[in-house]
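Take a look at the structure set out below.
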Amino acid sequence: SRPGIANESRALRNIRIVLVEPASPGNIGSVARVLKNTGIDQLVLVRPAPWREEPETHWLAHGSGEILDGVQQVDSLEEALKGTHFVVGTTHRQGRFRVVEEGHVSACVEAVSIACQYPVAIVFGREKDGLSRDELLVCHRLVRIPSAVDYPSFNLSQAVLLMAYE
């Protein structure tokens, strides 16, 4: 047994991935697969497009049926964050009204540390235009995953993978 495995296990159980208005059933399936691979099992969808009966969801979630079965679907971000003690929001936009960290590692370290005792949420916005200003305001930390290209927006499941892996 690895040292700290109990804390790591507790932290993973306390991490909730929240997708706000995901439009693509394929992204929902891909995110379920990411969560299965990284040991996180809480997926919350805020006002998603239809996905449960879509074959693409299940193809891309291959081997992750229990993640899809456990999805919590809610009507608001407030409902998705209920009971959490720490919220990390993701964005690719810089803004004069928000402090966005370049890089995600330190926010992930802090999230895991807090998740050893309390529920934590990592929030991802809409595929087309991310999180709204009001949604960003409910986050304790905002992170931007650096990219080597001028178009810095990652695919939703890729962004979830980078954060979940960390």
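The values are calculated or read from the model by the stated rules, or taken from the named source; none is laboratory data. This is a predicted model, so every value here is computed, not measured. Ideal geometry is used to build each Cβ from the backbone, glycine not excepted, and the neighbour counts take in all protein chains shown. Accessible surface is based on the protein model in full, side chains and every heavy atom, while ligands, DNA and RNA are left aside. Shrake-Rupley method; radii C 1.70, N 1.55, O 1.52, S 1.80 Å.
With the condition kept exactly as written, say whether any residue in the range 139-154 is closer than 20 Å to Gly39 by Cα and modelled with pLDDT under 95.
Checked against the condition, which is being closer than 20 Å to Gly39 by Cα and modelled with pLDDT under 95, the range 139-154 yields no hits at all.
Restricting attention to the range 50-80, report how many residues are of a type in the set (A, V, I, L, M), outside any helix (DSSP H, G or I) and farther than 23 Å from Val138 by Cα.
So the answer is 1.
Say we look at the range 37-49 and pick out the residues that are among the hydrophobic types (A, V, I, L, M, F, W, C) and part of a loop (DSSP other than H, G, I, E, B); which of these is least open to solvent (accessible area, probe 1.4 Å)?
Ile40
Based on this model, can you work out whether Gln73 counts as over 23 Å from Glu8 (Cα atoms) and open to solvent by 20 Å² or more (accessible area, probe 1.4 Å)?
yes
Pro22 - would you say it is part of a loop (DSSP other than H, G, I, E, B), at pLDDT 95 or above and surrounded by 15 or more Cβ atoms within 10 Å (Cβ to Cβ)?
Considered against the rule, which asks whether it is part of a loop (DSSP other than H, G, I, E, B), at pLDDT 95 or above and surrounded by 15 or more Cβ atoms within 10 Å (Cβ to Cβ), Pro22 comes out as yes.
Looking at this structure, is Ser64 hydroxyl-bearing (Ser, Thr, Tyr) and either more than 16 Å from Ala159 (Cα to Cα) or open to solvent by 40 Å² or more (accessible area, probe 1.4 Å) (or both)?
yes
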